[in-house]
Amino acid sequence: MCHRTLTTNSKNTYLGLYLGVETFIAILIDADLQVTYRAVVRYDVDLPEYSTKNGISSDASSNEYKADPVMYIHALDILLNCLESQGADLHSVASIGGAAHHYGAVFWTDLGFRRLCGLTSAKRLHEQFKENAFQIVSFPSWVERTSILQCYDMEEHVGGMMQMIRITGAKCFARYTGPQIRRVYEKTPEVYEKTVRISLMSSFLASLLVGNIGSIEYSDGSVMNLLDIKYKAWSEDCLSACAPGLKDRLMQPIASNRLQGRIADYFVSRWNFRPDCMISSPTGISASIVSGLNLEEKVLVIFLSTADKMLMHFKQRPQLDDASIICHPTNIGEYIGMILLRNGCLVREAACKEIAGGNWHLFNEMLESTPKGNAGNIEVRLDKMEFSPEAKGRLRWDSKIDEMSQTALTGLANFEDPKYDARALIEGQIMHRRVVATDAGFDVKGVNKIIAIGRSARNPHVLQIIADVFNTPVYTQEGPPPTLLGAALRARYAFYEYREANCHCTKCKACSGNQPKVSYAEFFRKLPYELKLMAKPSPGCEAIYGPLMDRIRTMCRLLASSTSINEKLIKHK
């Protein structure tokens, strides 16, 4: 296949945007996929007037993700100003791609809808979205459980949990947008009644860029408990289980590779974008990671951040339990399996503080000085209510504990030697990931490569433990974070797919060599950002960790059974 479109003298550039929880980031890449400009807005620092901490409003309760949509609009204005002040030629931007966090939704009022469609370049972007543009500004967080009753009700309405999985690719999760919308409808029906449109954060970003309500694309729509992932359409049963009149408020979903339209005139007048600049459909974080890595089969992505996440590519729809199936963002008809685990970096950082006074060098020395398998000393630590299993608490076992004994229920207060503490925590976490992935239906033993990303992926000792526990080599990717890179690459491919591949001018014919249009995977087969091998599995590691998997599985099951009834069985309140 011809790949000369990646090394061209074109002056076109491509903008990738990432609307995150704590930051809004932009990168500009050239025709050779090299980053030429980068800009970051940190909400806490750069937008203090919105009073956020870690991107969340300071008056949010513990079970809320609360943020003002106007803050994101303000951040977009600052980002574009920052790029322009650095000398970026925004008129060279041929297309824009985006990614956004999954948390909550935007409930548009009629006034907000009209302001969006009537943007004027005489005012800054955020100045046109003051009060009353949005119906609510408080969104449940990705860790909230207050909509768990709505989950049970929606599943019952469609015929049970397994039917919900069959339709949407996942059981009803309290963090998903469908149950959240139902809760808004039930608790504040007047708010829902006055809502004219509902956007995910990804389609909210698209809406701002095109100056009209953007459509929800398939991959982000997959994590709503509303989309029939087989037929790529809203499920009538799920919609009726959620709220009346919802279909009109969501509009029709669109394919992930569809364009949202051309950039709004506002951006042309104010920042000199070209009028034909295309807006590729922004998507969610997970789908953008997949796009940024150009993920292959038999590769497992482990995202090590505030929450840990595992992603795997499937050509055919898999049979997964306790996981989510997402429509693939670039390979039509294929899927991504996703597992989200709440207890990630914050637990690792808390353990480092307790064990080594926050000194990671000392913590890593403890990891290095203890043997693989940690002499049978294991810890499962779930500081927050986990998703899989639904459990909270800590359990320590040494090699002497009988799984059927009374001591197994309470575990040990401490290990005989504190030198085992660090490895017990990290190995326990990674073995838990392997058990969850295996039980969910991921073919862990068939994986030939693991790509680690996120904060903890910078720790080579953690990466070595991952390689040993999974018995698979671990890589990291050089260059921009995959979430952000995926947004920019999808913008680049959109220009190829909708312009270059369909153009009949002499220049484009010479470039393509009159060959048929290539797929996303083929187009980016050779990325300038190579994978770097970070850790190989140690000889004999499977013989060490394989037998420990059943013990970890049992420990998780015991923690789940002992979790407080008030936390685990909210349904019966």
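The values are calculated or read from the model by the stated rules, or taken from the named source; none is laboratory data. What you see is a predicted model, and the numbers here were worked out from it, not measured in a lab. Quick reminder, even Gly has a Cβ in these numbers, built from the backbone with ideal geometry, and neighbours come from all protein chains shown. To get the accessible areas, we keep the full protein, side chains included, count just its heavy atoms, and leave off ligands, DNA and RNA. Shrake-Rupley method; radii C 1.70, N 1.55, O 1.52, S 1.80 Å.
Brief remarks follow.
- Unmet criterion (only one of (1) in contact (Cβ under 8 Å) with a residue 60 or more places away in the chain; (2) open to solvent by less than 60 Å² (accessible area, probe 1.4 Å)) for G87: (1)
- When K353 is tested against the conditions (1) over 29 Å from R394 (Cβ atoms); (2) free of Cβ contacts under 8 Å to residues at least 12 places away in the same chain; (3) not acidic (D, E), the lone failure is (1).
- The number of residues in the stretch 30-56 that are over 30 Å from E530 (Cα atoms), buried (at least 18 other Cβ atoms within 10 Å of the Cβ) and in contact with a Ser or Thr (Cβ under 6 Å, 6 or more places away or on another chain) comes to 1.
- The set of residues in the stretch 385-411 being more than 34 Å from the chain's Cα centre (by Cα), of a type outside the set (G, A, S) and open to solvent by 50 Å² or more (accessible area, probe 1.4 Å) consists of K400, D402, E403, M404, Q406, T407, L409, T410.
- Within the stretch 381-403, residues that are without any contact (Cβ under 8 Å) to a residue 60 or more places away in the chain have Cβ atoms under 6 Å from residues that are open to solvent by 20 Å² or more (accessible area, probe 1.4 Å) and assigned to a loop (DSSP other than H, G, I, E, B) in these pairs: E386/R342; R396/L412, counting only partners at least 6 apart in sequence or on another chain.
- Any chance R423 is touching a strand residue (DSSP E or B) at 6+ places or on another chain (Cβ under 8 Å) and in contact (Cβ under 8 Å) with a residue 24 or more places away in the chain: no
- If you go through the stretch 259-275 and keep only what is free of Cβ contacts under 8 Å to residues at least 40 places away in the same chain and either in a strand (DSSP E or B) or in contact with a strand residue (DSSP E or B) (Cβ under 8 Å, 6 or more places away or on another chain) (or both), you end up with just P275.
- Any chance K309 is of a type in the set (K, R), open to solvent by less than 40 Å² (accessible area, probe 1.4 Å) and touching a residue at least 12 places away in the same chain (Cβ under 8 Å): yes
- Residue pairs whose Cβ atoms lie under 7 Å apart, separated by 6 or more positions or on different chains, with the first residue in the stretch 527-544 and among the hydroxyl-bearing types (S, T, Y) and the second surrounded by fewer than 15 Cβ atoms within 10 Å (Cβ to Cβ), are Y529/E478.
- Of the residues making up the stretch 192-209, those that are more than 16 Å from G261 (Cα to Cα), of a type outside the set (F, W, Y) and not in a loop (DSSP other than H, G, I, E, B) number 5.
- Residues considered: I336, I289, I326. Of these, the only one that is open to solvent by less than 20 Å² (accessible area, probe 1.4 Å), assigned to a helix (DSSP H, G or I), more than 20 Å from P389 (Cβ to Cβ) and touching a strand residue (DSSP E or B) at 6+ places or on another chain (Cβ under 7 Å) is I289.
- Qualifying residue in the stretch 188-201 (condition: in contact (Cβ under 8 Å) with a residue 24 or more places away in the chain, farther than 16 Å from K171 by Cα, among the hydroxyl-bearing types (S, T, Y) and surrounded by fewer than 19 Cβ atoms within 10 Å (Cβ to Cβ)): yes
- Candidates are the residues of the stretch 428-451 that are within 18 Å of V474 (Cβ to Cβ) and either free of Cβ contacts under 8 Å to residues at least 60 places away in the same chain or in a loop (DSSP other than H, G, I, E, B) (or both); the one that is most open to solvent (accessible area, probe 1.4 Å) is K445.
- Listed conditions (1) in a helix (DSSP H, G or I); (2) open to solvent by 30 Å² or more (accessible area, probe 1.4 Å) are all met by K130, apart from (1).
- Evaluation of L382 against (1) surrounded by fewer than 18 Cβ atoms within 10 Å (Cβ to Cβ); (2) at pLDDT 95 or above (one fails), failing number: (1)
- For F303, the conditions (1) hydrophobic (A, V, I, L, M, F, W, C); (2) more than 26 Å from H432 (Cβ to Cβ); (3) open to solvent by 30 Å² or more (accessible area, probe 1.4 Å) all hold with the exception of (2).
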